[in-house]
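For reference, the structure discussed in these notes is given below.
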Amino acid sequence: MDVGRWTFLGAFLLALGPLAGCGQGTAGAPRDSLTLALDSNPTTLDPRLATDAVSNRLTQLLYLQLVRADPHGDFVPDLAERWEFPDDRTVVFTLRRGVRFHHGAEITAADVRYTFESMRDPSLRSPFAGSLEPIARIETPDPHRVVFRLKAPYAPFLSAVAVGIVPQDLAASGHDLAHAPVGAGPFRFARWLPHDRVELAANPDYFQGPPSLTRLICRVIPDATTRLLELQRGGVDLLVGAIPPEAFPRLSALPNVTVLEADSNSVSYLGFNLEDPALKDVRVRRAIAHAVDRRAIVDGLLGGRAVLATGLLPPGHWAYAPDVPRYGYDPAEARRLLAEAAGPERGGRPLRLTYKIPTVELSRTIGEAIQEQLAALDVRLDLRSYEWGTFYADIKNQNFQLYALSWIGIIDPDIYYYAFHAASLPPRGANRNRYRNPEVDRLLDLGRTTLDREARRAVYRRVQQIVAEDLPVIPLWHGRILAAHRPHVHGFRLSPAGDFTPLKDVTLGPPR
């Protein structure tokens with residue numbers, strides 16, 4: 001298959017021309033200010049609600065968590081200076097003393113308790129509520145200790161509580177944290193101009209010391225070519241995970257741009273509405289999986305910078321199971337499955353489906369590739385692209401037939417509970433496809449309460465096998481995390497999740 005027709009790299013190269021951008025900082029910005037390009041507008045800055053990538057990455061700059069995952073997937077102290085497990089149903093956190101929210105109040109155990117109890121309250125509609133269901137109660141014996149009592153042993157507990165802590169005094173009184181966040185992270189909220197920019201300022205009272213950057217300007221630039229040109233011209237200083245892979249070699253050759261690349265712990269996938277009359281038939285889903293030439297798309301549109309996925313977990317993850325059903329490119333098998341599923345009642349009529357994507361150029365080019373591949377099997381895809389907020393609202397509200405998204409920052413295999421357990425139907429989780437399998441539910445419950453890693457590995461091996469058979473989503477690929485910055489930016493480290501948290505350690509200065 002020729003995927004060269006779905007490319008905008010040529011347009012980028014023509015537009016770039018002989019530009020030789022110079023200078024030490026973004027045009028019009030203070031010399032101690034950094035401008036970061038975002039590929040979409042955040043949907044919320046309340047960490048209890050943030051599930052899209054941009055919102056999640058920004059809240060990590062604004063809030064402290066009890067614990068935080070490091071680049072290796074291990075949990076390290078953040079607001080909590082230490083924690084202990086007196087028994088398999090109790091976790092005790094000791095908080096750092098003297099840490100203050102951006103509005104001046106000291107963080108206490110009451111704020112931690114309020115954060116998690118509010119997320120468990122159905123009125124908030126937190127998508128993380130299901131992850132906190134194993135908590136029986138939360139105790140605060142003193143202002144600097146928080147005790148979680150669990151209903152049963154809960155293996156992914158630390159992952160579940162890696163959420164930004166909000167101030168009880170403001171949140172309980174109705175303060176709009178979604179649009180005017182108040183946390184205790186390295187940066188404070190300054191202002192948000194929707195679809196234009198989010199501006200943050202250094203927190204002078206950050207417990208690890210204030211960042212070197214006094215201001216962080218996050219510009220919303222949905223168009224990929226414009227983002228690349230702005231980087232080259234000096235309109236932005238840094239791109240993280242917002243780079244079309246096919247443009248990466250050209251960026252690497254530019255003298256005024258430094259590029260970074262790393263393996264990711266994310267996965268891109270196609271999601272199905274399993275209550276749709278056509279898509280509820282697993283034969284149709286399997287046919288679509290066999291009809292999509294993922295290798296051609298990876299090689300032709302992603303520059304080979306991705307590994308084909310067999311499930312949500314990337315190869316190398318401790319719970320990754322390689323022995324699952326796979327769906328290689330096989331048009332003949334796809335036709336056989338479609339014919340079997342259609343039966344005589346469809347009378348040879350083509351299958352018509354609506355495929356929703358965000359207004360991101362790479363999403364559209366991939367969508368057009370899939371559209372052409374399925375057209376060869378007489379499956380007509382109606383591509384519909386939407387501004388990110390509208391698109392994401394439709395996905396969360398199950399208003400779709402097919403859609404494309406990515407899971408980012410996958411650490412624990414409990415992601416399968418969040419994505420596929422019947423108890424994770426929105427708004428309590430992210431089972432947006434409305435997948436139901438009692439055996440998978442039973443295994444996922446068991447995986448949560450099994451503390452031995454080898455025993456958990458066996459549980460999730462079976463989960464991955466069943467989910468691959470049922471195919472509620474088509475796992476596509478694990479892409480590489482790409483970043484690029486101007487030469488005056490120093491100290492930015494790329495993480496597998498593409499986090500923005502390393503910005504607290506970035507300095508600006510002459511090129512080295």
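The values are calculated or read from the model by the stated rules, or taken from the named source; none is laboratory data. Remember, predicted model here, so these are calculated numbers, not experimental data. As a convention, Cβ positions derive from the backbone with ideal geometry for all residues, glycine included, and neighbour counts pool all protein chains shown.
Points worth noting:
- Some residue of the range 331-340 being in contact with a Ser or Thr (Cβ under 6 Å, 6 or more places away or on another chain) and surrounded by fewer than 18 Cβ atoms within 10 Å (Cβ to Cβ): no
- For the condition free of Cβ contacts under 8 Å to residues at least 60 places away in the same chain, at positive phi and out of contact with any Asp or Glu (no Cβ under 8 Å at 6 or more places or on another chain), D382 does not qualify.
- The lone criterion from (1) buried (at least 17 other Cβ atoms within 10 Å of the Cβ); (2) of a type in the set (A, V, I, L, M, F, W, C); (3) over 24 Å from K504 (Cβ atoms) left unmet by V166 is number (3).
- Residue match in the range 367-379 (condition: outside any helix (DSSP H, G or I), of a type in the set (D, E) and either touching a Ser or Thr at 6+ places or on another chain (Cβ under 8 Å) or not assigned by TED's automatic domain parsing to the domain that holds G271 (or both)): no
- Residues located in the range 229-280, provided they are closer than 21 Å to H485 by Cβ and of a type in the set (D, E, K, R): E230, R233, D237, E246, R250, E261, D263
- When every residue of the range 121-137 is checked against the conditions, none turns out to be closer than 20 Å to R100 by Cα and not in a helix (DSSP H, G or I).
- Within the set P86, P153, the sole residue that is more than 22 Å from D412 (Cα to Cα), surrounded by fewer than 17 Cβ atoms within 10 Å (Cβ to Cβ) and either at pLDDT 95 or above or assigned by TED's automatic domain parsing to the domain that holds R457 (or both) turns out to be P86.
- Residues in the range 471-511 that are assigned to a strand (DSSP E or B) and closer than 21 Å to A247 by Cα: L476, W477, H478, G479, R480, I481, L482, A483, A484, H485, V489.
- Applying a threshold of 8 Å to beta carbon distances and a minimum spacing of six or more residues, or different chains, the list of pairs starting in the range 111-135 at a residue that is at positive phi and ending at one that is among the aliphatic types (A, V, I, L, M) reads R125/L49.
- Checking each residue in the range 482-503 for being within 16 Å of L200 (Cβ to Cβ) and in contact with a Gly (Cβ under 8 Å, 6 or more places away or on another chain) picks out D499, P502.
- Residue check for D142: in contact (Cβ under 8 Å) with a residue 12 or more places away in the chain and of a type outside the set (A, V, I, L, M, F, W, C): yes
- Scanning the range 66-83 for residues that are within 16 Å of P502 (Cβ to Cβ) and either aliphatic (A, V, I, L, M) or in the same structural domain as L34 (by TED's automatic domain parsing) (or both) yields a total of 2.
- Pairs where the first residue, in the range 201-221, is over 21 Å from G234 (Cα atoms) and without any contact (Cβ under 8 Å) to a residue 12 or more places away in the chain and the second is small (G, A, S) and surrounded by 17 or more Cβ atoms within 10 Å (Cβ to Cβ), C-beta under 8 Å, 6+ apart: none
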